[in-house]
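Taken together, the values in this text are just the output of simple stated rules run on the coordinates, not laboratory data. Treat the numbers as computed from the prediction; the structure is a model and nothing was measured. Here Cβ is always computed from backbone atoms with ideal geometry, including for glycine, and neighbour counts include all displayed protein chains.
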Amino acid sequence: MKNLTLQVLLSILWLSSCKNDTQTQEVANNQDSLQTATVTESTENTSAEKENDVTNIFPDFPSMGTTAQPHEHLLVPGYKMMENYVNGKTKNLIFYNAKMAKPADKNSTVAFQFDGDQEVPNYMIIPIPSGQKVRKGDIVLTWWQSGSGMQRALVTNDTDPSAPEVHYLDIKWDNPAKNNGVPIGQLKEIIKENTFVKLTDVWQSGTTIAVREGTSLKKFTVINVNQDKVLALGFAGSMKVLNKADCTPLPVATQVKVGDKVQAPWVGSFKTCTVKELKPEFGRAVVEFDDHKGDLHTLPLGDITTGLVL
């Protein structure tokens, strides 16, 4: 009888031990599952953060340095606009004025007017170096200083070469809005010192390029060039990373005469047209497109060329 009692007690202890081992294993398995889930969630979050990171806005464009110095003016899209771009909430970007806060090798800190100091990739920045001086007839890159947004401009008066009078080239000539009674497309105004950079060469930020897309040649504005890539702004603020080999640069201001057959952009695509009139005091030419007889357009000379094969 004693032996039987002992056997029963041993069986109970054995069963209890097995149950504890099973519970311990279940806890361990649950902990492993929780840890795995946490790691997976963390990886997914990190990936999502990277995809939504403004500093990763155009991952196909190689990182680059910047010549911008602290407190100098810049042209760069608004920070919230870039956030909306990487989050898929907008497909368009507009370049505005900001200032450099802290330059760095790859991503610099920019002082935005409304968004404070934020880190952005250098390839999204167009530096405006201080100390620029110009003469009448020069083309500069600046922003519409009584409005907003990046603009090429023709220097119309160089009485003060550090703060010249200019005519903005990228506002449509026939825009019906007015500033002090003057149509904004025909406006001239004095811009501030250290707020512009002179355009002299093809491939400079702010100059025009033609890019083959299928059977069309599209107009783009150079933002930055690095290695064999071009970051460029297209029709209605769309942006792309382009192969430099696929791009044809246009002169800063093409020299043409009345009667010349030229190519110029029509709704973002280059078309053949004829020069009907020149407006040298405004850096523009009046053209008539072959496909739209009688429809005249007054365009900046920097968007007109004679060398494209359509």
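Taking 21 Å as the cut-off for C-alpha to C-alpha distance, list the pairs among LYS89/LYS240; LYS91/LYS178; LYS257/LYS279; LYS91/LYS271; LYS188/LYS257 that go past it. Let's see the in-between values first.
On the way: LYS89/LYS240 17 Å; LYS91/LYS178 29 Å; LYS257/LYS279 11 Å; LYS91/LYS271 25 Å; LYS188/LYS257 24 Å.
Correct reply: LYS91/LYS178; LYS91/LYS271; LYS188/LYS257.
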- Item | Debye log10 I(q)/I(0) at q = 0.17, 0.34 Å⁻¹ for segment 208-249, Cα point scatterers | -0.36, -1.36
- Item | Spacing of the two label points (7 Å from each Cα toward its C-beta) at ASP228 and ASN56, in nm | 2.5 nm
- With segment 164-310 reduced to its Cα atoms and the Debye formula applied, log10 I(q)/I(0) at q = 0.10, 0.12, 0.19 1/Å amounts to -0.36, -0.52, -1.25
- Task: Could you give me the radius of gyration and the Dmax of segment 87-226, taking only the C-alpha atoms into account and expressing both in angstrom?
- Result: 16.3, 47
- Item | Whole-angstrom gap from segment 157-193 to segment 251-285, using each part's C-alpha centre | 20 Å
- Among THR156, PRO176, ASN194 the positive-end extreme of the charge dipole of segment 139-199 (Cβ point charges): PRO176
- ILE190 and SER146 label points (each 7 Å along its Cα→Cβ direction) are spaced in nm at 1.3 nm
- Quote to one decimal, in nm, the extra length available between LYS257 and SER238 on full extension: 0.36 nm per residue of separation minus the C-alpha distance between them. 3.6 nm
